[in-house]
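Below is one structure, written out as structure tokens; comments come after it.
The values are calculated or read from the model by the stated rules, or taken from the named source; none is laboratory data. Here the structure is a predicted model, which means the values were calculated and not measured. Cβ coordinates were reconstructed from backbone atoms using ideal geometry, including for glycine residues, and neighbour counts include every protein chain displayed.
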Amino acid sequence: MRQRLVTTFAIMVAWLLVATTAAARQLEIHQINVGWGMSVLVKGPDGTTVLLEAGNTGRGTADVVPYLQSIGITPAAGLDYTIVGHQHCDHNGGMDEVVNAGDNVRVTNYDNGSSYSSSCVTGWNTAAGTTTAGVPRAPLVGDQVPLGNGATLTFIAVNGSIVGGGSVSVSNENDRSIAVLVKHGGFDYLWASDLGGGSIDTACTGRSTTQVDVESAVITAISPGGAFPLISTGGIDVLEASHHGSESSTNMNWMNMSRPAVALIGTGAGQSPGWDFPRIDILEHVLLSQATSCITAPAAFVLQTEEGSPTGSLTSFMGYSVGDIKVTTDGATGFTVSANGAVAQGPNEVAAAGLPRTFALDDGGALPDTIPPTTSITSPASGATVSGTISVTASAGDNVVVTKVEFYLDGVLQATDTTAGYAWSWNTTATPNGSHSSDVEGIRRRWQHATQPLCR
């Protein structure tokens, strides 16, 4: 006669924030090499996509669409959001080409809301009107785009309005730029199109511009003690140097208060003679912290899509020219920077830069995970009669990440599985007949879930 054994199981899931290899949990930032211009794709942990600009006319077709397809974003997949920081052609000229290639935009097309007019503006507005998202509209400062798993994109400046209630009087189209902060756990990425930083540090850095200082108001507002604090005292992790490394942007406050570990510059061939971007006074004096009398932040690791052209006496060659750049992070254990070396102007310096490279987060880690995972045994069914060696399977989910599932019997760890489709092969003949129960003590901040009794 077969005896029945009543057994209670527990699954204990570690929910400390630790690394995960699951691609769906990663935030990705792709700096697309469009030469002279700007294009960045943000892909959230849940797959949400945001295209920030698409370079100059022709670059959408030549560079942006092929790159998107290379990472699996086909015209059939489309995009969720687009953002045009300001209305100059080197930023929105390729946008209509992306849509005309078949990419629909499903949720919202954003722009800065200025009245600037050009054929590029008209072309993009017309194309955007054919998408599900419709014609572009201006966001409000403080608006957020959810990227999944707690990651967000926050609008921190729009047409002179600053998050937290401040404002700066602006008239230059560059200074009307949108600025956004992308966050995932302890990771921060700051992007501001062609936003200006005024001439507050000319004597120290050599920067000089007719643009007004919007940067200082923005970085003050989002820093600790500011009107809308979003970043830690450690600053941010990755800074997109505004205006292609121009002397108009990246002032001492922007650098000192953001304290980026990595700075990216979208630049290349196609600029007018005498522009000489990226400039020595930005790349070397500010980003590499050589202007020691006013730059107190540590030097950043500087990457640029390619070399500027034409060059001149003011051009810097101190950044690594690496082509399309990719930043990935789980928001908890660090971030990794890689590049493909697709450089059209200047040398391919991926090897010289030592890429891929992994960096620690600026604030030493992610925010606490306070939401426990959900778990359940999926097989055998509750009340099932089992014998011999069986497979006990489980499912587990979490708002951040599940790193492993542990199977316990009578308080004793039996097996650990780190791969979804969690399973334990249980030899029931090694379990004595009689009544058994699970260990209900959580250890090392583990969350537990017990099924109904199983029977053998």
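Do we find a residue being in the same structural domain as Ala192 (by TED's automatic domain parsing), at positive phi, at pLDDT below 95 and part of a loop (DSSP other than H, G, I, E, B) anywhere in the stretch 139-153? Yes, the stretch 139-153 contains at least one residue that is in the same structural domain as Ala192 (by TED's automatic domain parsing), at positive phi, at pLDDT below 95 and part of a loop (DSSP other than H, G, I, E, B). Within the stretch 62-90, the residues that satisfy the criterion of being over 18 Å from Gly323 (Cβ atoms) and of a type outside the set (A, V, I, L, M, F, W, C) are Gly72, Thr74, Pro75, Gly78, Asp80, Tyr81, Thr82, Gly85, His86, Gln87, His88, Asp90.
For the stretch 256-313, the set of residues classified as of a type outside the set (Val, Ile, Thr) and touching a His at 6+ places or on another chain (Cβ under 8 Å) consists of Gly266, Gln271, Phe277, Pro278, Ala291, Gly308, listed by residue number.
For Gly308, the test of being at positive phi and buried (at least 24 other Cβ atoms within 10 Å of the Cβ) is failed.
Looking across the stretch 345-381, the residues that are at pLDDT below 70 and more than 24 Å from Ile325 (Cα to Cα) come down to Leu367, Pro368, Asp369, Thr370, Ile371, Pro372. Scanning the stretch 321-334 for residues that are part of a strand (DSSP E or B) and either buried (at least 22 other Cβ atoms within 10 Å of the Cβ) or touching a Pro at 6+ places or on another chain (Cβ under 8 Å) (or both) yields Ser321, Ile325, Val327, Thr329. Considering only the stretch 264-287, I want to know if a residue exists there that is hydroxyl-bearing (Ser, Thr, Tyr) and modelled with pLDDT under 95. The answer is yes; a qualifying residue exists. Going by what's in this entry, would Val180 be described as assigned to a strand (DSSP E or B) and either among the charged types (D, E, K, R) or in contact with a Phe, Trp or Tyr (Cβ under 9 Å, 6 or more places away or on another chain) (or both)? When the stated conditions are applied, Val180 passes them. Restricting attention to the stretch 426-446, the residues that are modelled with pLDDT of 55 or more and in contact with a strand residue (DSSP E or B) (Cβ under 6 Å, 6 or more places away or on another chain) total 2.
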